[in-house]
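Everything below concerns the one structure shown next.
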Amino acid sequence: MSYPRILLIAVAAGIVAGCAYLGVSWYCREQVQQQMELARSELRAVHATATPDRRRAHARACFGISRPLVDEEDPVSATAALFAVAVAPIAELAADVSVPDVKRVTRIPTDDLLLIARTLFDTGRVAPADQLLDLALSRQDRFRQDTLVLASAIRMDLGRDAEVLLYCDELVALDSSAASPYRMQAAVHRLHGRWDHYVQAIENAFARTSQRDPVLQVELIDGYIRIGRFDDAQREFGKLQAAHPELIPAAPTVHARLLIQKGDLAGANQVLTEYLRSDPTDSEALVLKGQLLVDTGDFQAAIETLQTALKHDPSAHDAHFQIGQTYARLGQKDLANHHLVLHRKLLDSKVRLYALEQQAGYDPRNVDVRRELAKLYSEIQLPELAAFWERAADIAEGK
């Protein structure tokens, strides 16, 4: 056989071998991608499933698929490692994988970053979730809306309200027809008692719902009452009553306040009395009923009702004020002064809390402000909010 022919055969064999290698390589990559997609599906199912047993089953499936993929190349390896770390507590398994370094994490696709961040956040690992969120927010890609929505939810939970409002503004710019950014804005403004802004946000959300949302309508009525727009509140309440009469008992304080505004004290008292039979711990309803009892001259019943309100909400400054006024009318000056002093102290604390929360919203890394918020909330006996700000301080400190 001549040399050129031998050479030609050798070249052909090399081409065939190369094609076979590429074919095998392509097939392996396809297999890896299919496995990654299965892991994603299982992780999404963790968030879509309500029952603990099903969540654990999906988490274990995600862990089992992800764990072998850690040995692949990045970004698959880094993504699979964080999938496994994220689901391990839900799966009740030990996360026997190393967390990838920052350089490797930057190669993870945005949609996977969001999925991991959400899982970490839902399982109480807020600091690493927040770090992944920072990386996602630094990108301007097709997942921008999803990133902003998750950022709004997580940073709202961290008390970083100024950032949440900025994200909501960007979401509105991306889709001006969506109601959800306005609802998030309303939640922030309500938290800080900025009622004019709250009403504006609720009005914007309400205008963007294709079907009238009765829950949103109740929130709008409540906002109108708080800023003194009683005619608007009465109009919307009439619409709600006509369209959803079954929901009226679920909005007792709104209904009662409107009846009081119309001078129907007996009707308001009846609404509150019926409601408190089903939920005797609602401090707002108890305070309102106590005020009605004071106005009608039933002082002893008023004091008992307002004391019950304070039992369920020690920070209810209005209850102390009404008790103080009642004791004053009964000529018991020492008791009156005691409750009026407590009323003033609570108001002063809430003014300070408002200022600190404003500062915390604009200064997300200020640990001292968050510690002081936790201390003040503890002093006025609101342990859940105290714990919230303690956790926010720990996260700001990097714990």
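The values are calculated or read from the model by the stated rules, or taken from the named source; none is laboratory data. This one's a predicted model, so the numbers in the text were calculated from it and none came from an experiment. Every residue, glycine among them, receives a Cβ derived from its backbone with ideal geometry; neighbour counts consider all protein chains shown. All accessible areas refer to the heavy atoms of the entire protein, side chains included, with ligands and DNA or RNA removed. Shrake-Rupley method; radii C 1.70, N 1.55, O 1.52, S 1.80 Å.
Miscellaneous remarks
- Some residue of region 316-334 being free of Cβ contacts under 8 Å to residues at least 60 places away in the same chain, in contact with a Phe, Trp or Tyr (Cβ under 7 Å, 6 or more places away or on another chain), open to solvent by 70 Å² or more (accessible area, probe 1.4 Å) and more than 24 Å from Asp222 (Cα to Cα): yes
- Among residues of region 274-294, those that are among the polar types (S, T, N, Q), open to solvent by 40 Å² or more (accessible area, probe 1.4 Å) and assigned to a helix (DSSP H, G or I), counted: 2
- Among the residues making up region 58-88, a single one is closer than 17 Å to Thr119 by Cα and surrounded by fewer than 17 Cβ atoms within 10 Å (Cβ to Cβ): Gly64.
- Unique match (being open to solvent by 50 Å² or more (accessible area, probe 1.4 Å) and acidic (Asp, Glu)) among Glu219, Glu236: Glu219
- Condition met for Ile154 (crowded, with 16+ Cβ neighbours inside 10 Å and at pLDDT 95 or above): no
- Number of the condition not met by Leu385 [criteria: (1) touching a Ser or Thr at 6+ places or on another chain (Cβ under 6 Å); (2) open to solvent by 30 Å² or more (accessible area, probe 1.4 Å)]: (1)
- Within region 86-157, helices (runs of 4 or more DSSP H) holding 2 or more residues that are under 22 Å from Ile65 (Cβ atoms): 102-105, 110-122, 126-137
- When Gln31 is tested against (1) at pLDDT below 90; (2) closer than 22 Å to Leu115 by Cα; (3) open to solvent by less than 70 Å² (accessible area, probe 1.4 Å), just one condition goes unmet, and that condition is (3).
- Qualifying residue in region 202-214 (condition: open to solvent by less than 10 Å² (accessible area, probe 1.4 Å), under 15 Å from Ala179 (Cβ atoms) and not charged (D, E, K, R)): yes
Every residue, every condition in (1) in a helix (DSSP H, G or I); (2) basic (Lys, Arg); (3) farther than 28 Å from Gly238 by Cβ; (4) touching a Phe, Trp or Tyr at 6+ places or on another chain (Cβ under 9 Å), yes or no:
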residue	(1), (2), (3), (4)
Leu165	yes, no, yes, no
Cys168	yes, no, yes, yes
Val172	yes, no, yes, yes
His189	yes, no, no, yes
Glu203	yes, no, no, yes
Arg212	no, yes, no, yes
Gln217	yes, no, no, yes
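- Flag for His192 being surrounded by fewer than 20 Cβ atoms within 10 Å (Cβ to Cβ) and in contact with an Asp or Glu (Cβ under 8 Å, 6 or more places away or on another chain): yes
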